[in-house]
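Enquirer: To start, I am sharing the structure in question, which I have written as C-alpha cells.
The values are calculated or read from the model by the stated rules, or taken from the named source; none is laboratory data. Because the structure is predicted, anything quoted here is derived from the model rather than measured. Glycine gets a Cβ as well: all are built from the backbone with ideal geometry, and neighbour counts include every protein chain shown. Surface areas here come from the heavy atoms of the whole protein model, side chains and all, with no ligands, DNA or RNA. Shrake-Rupley method; radii C 1.70, N 1.55, O 1.52, S 1.80 Å.
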Amino acid sequence: MKRSVMIWAVTAIVYLGVVIAGYSVYANMNPKTDEQTNHTEEEENMNHQHSHGNHVTNTASEVTPKVSYANGVITIELKDKNNQVPELEVSHEKFMHFIVVSSDLKQYHHLHPGKKSDGIYQQKVSLADNSYKAFVDIKPKGLQYSVAPIEFHVGETHHEHGDNNLVADTDFVKTINGQTVELISQPFAINKEMTLTFDMKGATPEPYLGALGHVVILDENGEKYIHVHPAADDQTVFKTQFDKPGIYKIWAEFKFEGQVNVYPFVIKVK
C-alpha cells in the first residue's frame, strides 16, 4: 500500500514538472495579450499622428505615375511595380491630390483629378506656356509610395526650374480676397521640428478636405515636396522639418465663406 502511494506521489510530481515546463515554453513563445494590445494601440496612435504630419519624398515607390497635358486636360496614368492598376485609398476626402507648379513657382494649383477609367485620372485646367512640375499625392493600398516631381511642358516655352529669383519674405502678413493671414514661426533651421502657426486675425476657417487647412512646401528647385496638415483638428498650427538649408516656398490653403484662399510665403532655412 505504502509502495503504491509512493509511486503515485512521484508520478504526480513528475507530471506537475512537465506541465510547468510546458507552460514556460509557451509563455516565452507567445507574449502576453496586454503587451500585444499596447503595441497595437501605439501603432494606431502613430498612424493617427502621421495623418496630421508630413507627406514627403523619403521612401521607395512601388507605383509609377505618368503625367501628360493636351488640349487643356491633364491626364495621370498609374501603374504599380507589376504593371497593374493600383487601388487607391481615400486621403483627406480625395483619392488623389494633384499639385502643379510653374518653373518660377508663381503658378500653383491644388487639383483633384477624377477617375476616367482604371488607372486613368483626368482634370481640366488652363495652363500658360511654361515648364511645370507635378506632384501626384496618393495613398496606394498595400503599396509603398513616395511623391516625386514629374516635369512636363506646355507650349514651346521651356524654363529651367530653380531659375526663379525667389527672395525670402520680410513681411509674413498676406491678404487674399479680403481675408488676412499671418505666418508666425521661430527662425527656420534644419534638422529641427518647426512649428508654423497661422493667425487668422479673428476669423475661423471652414473645414477643407477634412482639415482646417493644408500647407504645401517646395524648395526653390521644385524637388523637395512637403504636404503637411494641422497638428490638431481645431488649430491652424502645422509642424514640419527641413533637412537642407535654402529658399523654400510655402502655399497655405484656408477656406473662408466657401472660397479657398492660397497664401504664398517665401522663407529662408539656415
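Enquirer: Residue pairs, Cβ under 9 Å, 6 or more apart or interchain, first in the range 241-260 and at positive phi and open to solvent by less than 60 Å² (accessible area, probe 1.4 Å), second basic (Lys, Arg) and part of a strand (DSSP E or B). List them.
Expert: Listed pairs, sorted by first residue: 246/268.
Enquirer: Right, here's the next one. Considering every residue within the range 111-120, establish whether at least one is surrounded by 19 or more Cβ atoms within 10 Å (Cβ to Cβ) and among the β-branched types (Val, Ile, Thr).
Expert: no
Enquirer: Tell me yes or no: at least one residue of the range 254-264 is assigned to a loop (DSSP other than H, G, I, E, B) and farther than 20 Å from residue 111 by Cβ. Talk me through it step by step, then tell me what you get.
Expert: Applying the first criterion (assigned to a loop (DSSP other than H, G, I, E, B)) to the range 254-264 yields 257-258.
If we keep only those that are farther than 20 Å from residue 111 by Cβ too, we end up with 257.
The answer is yes; a qualifying residue exists.
Enquirer: Let me ask something else about it. Given 225, 145, 248, which one is within 20 Å of residue 99 (Cβ to Cβ), hydroxyl-bearing (Ser, Thr, Tyr) and in contact with a Pro (Cβ under 8 Å, 6 or more places away or on another chain)?
Expert: Details: 145 fails: in contact with a Pro (Cβ under 8 Å, 6 or more places away or on another chain); 248 fails: in contact with a Pro (Cβ under 8 Å, 6 or more places away or on another chain).
Just one listed residue meets the conditions, 225.
Enquirer: Sticking with this structure for a sec: Sort out which residues of the range 149-163 are of a type outside the set (D, E, K, R), in contact with a strand residue (DSSP E or B) (Cβ under 8 Å, 6 or more places away or on another chain) and not in a strand (DSSP E or B), and write them in order of number.
Expert: As a first pass, look at the range 149-163 and keep what is of a type outside the set (D, E, K, R): 149-150, 152-155, 157-159, 161-162.
If we keep only those that are in contact with a strand residue (DSSP E or B) (Cβ under 8 Å, 6 or more places away or on another chain) too, we end up with 149-150, 152-155, 157-159, 161.
Result: 149, 155, 157, 158, 159, 161.
Enquirer: Quick check: is even one residue across the range 164-173 outside any strand (DSSP E or B) and under 30 Å from residue 84 (Cβ atoms)? I'd like the intermediate steps shown before the answer.
Expert: Quick first cut of the range 164-173, residues outside any strand (DSSP E or B) only: 164-172.
Filter once more, keeping what is under 30 Å from residue 84 (Cβ atoms): none.
For the range 164-173, residues outside any strand (DSSP E or B) and under 30 Å from residue 84 (Cβ atoms): absent.
Enquirer: Which condition does residue 237 not pass, out of (1) under 20 Å from residue 164 (Cα atoms); (2) out of contact with any Asp or Glu (no Cβ under 9 Å at 6 or more places or on another chain), if it passes all the others?
Expert: (1)
Enquirer: In the range 183-217, what residues are open to solvent by less than 20 Å² (accessible area, probe 1.4 Å), part of a loop (DSSP other than H, G, I, E, B) and of a type outside the set (A, V, I, L, M, F, W, C)?
Expert: Applying the first criterion (open to solvent by less than 20 Å² (accessible area, probe 1.4 Å)) to the range 183-217 yields 183, 194, 196, 198, 200, 205, 209, 211, 213-217.
With the extra rule that they be part of a loop (DSSP other than H, G, I, E, B), the set shrinks to 200, 205, 209, 213.
Within the range 183-217, 205, 213 meet the criteria.
Enquirer: Also: Residues 117, 61: which one is more than 22 Å from residue 228 (Cα to Cα) and either polar (S, T, N, Q) or modelled with pLDDT under 95 (or both)? Give the steps one after another, and end with the answer.
Expert: Values: 61 fails: more than 22 Å from residue 228 (Cα to Cα).
Exactly one of 117, 61 is more than 22 Å from residue 228 (Cα to Cα) and either polar (S, T, N, Q) or modelled with pLDDT under 95 (or both), namely 117.
Enquirer: In addition: With the requirement that a residue be in a loop (DSSP other than H, G, I, E, B) and either among the aliphatic types (A, V, I, L, M) or in contact with a strand residue (DSSP E or B) (Cβ under 7 Å, 6 or more places away or on another chain) (or both), what does the range 62-85 give you? Don't jump to the end; show me each part of the working.
Expert: Looking only at the range 62-85, we keep the residues that are in a loop (DSSP other than H, G, I, E, B), and these are 62, 71-72, 81-85.
Result: 62, 72, 85.
Enquirer: As an exercise: evaluate residue 214 against (1) modelled with pLDDT under 95; (2) closer than 17 Å to residue 181 by Cα and give the number of the one condition it does not meet.
Expert: Unmet condition: (1).
Enquirer: Given the options 126, 131, 146, name the one that is among the small types (Gly, Ala, Ser), open to solvent by 10 Å² or more (accessible area, probe 1.4 Å), closer than 29 Å to residue 254 by Cβ and free of Cβ contacts under 8 Å to residues at least 60 places away in the same chain. Full working, then the answer.
Expert: On the way: 131 fails: open to solvent by 10 Å² or more (accessible area, probe 1.4 Å); 146 fails: free of Cβ contacts under 8 Å to residues at least 60 places away in the same chain.
Within the list 126, 131, 146, the selection yields 126.
Enquirer: Of the numbered conditions (1) modelled with pLDDT of 95 or more; (2) closer than 19 Å to residue 210 by Cβ, residue 144 fails exactly one; give the number of that condition.
Expert: All conditions pass for residue 144, except number (2).
Enquirer: Can you name the condition, by its number, that residue 100 falls short on among (1) open to solvent by less than 60 Å² (accessible area, probe 1.4 Å); (2) part of a loop (DSSP other than H, G, I, E, B)?
Expert: Result: residue 100 fails condition (2) only.
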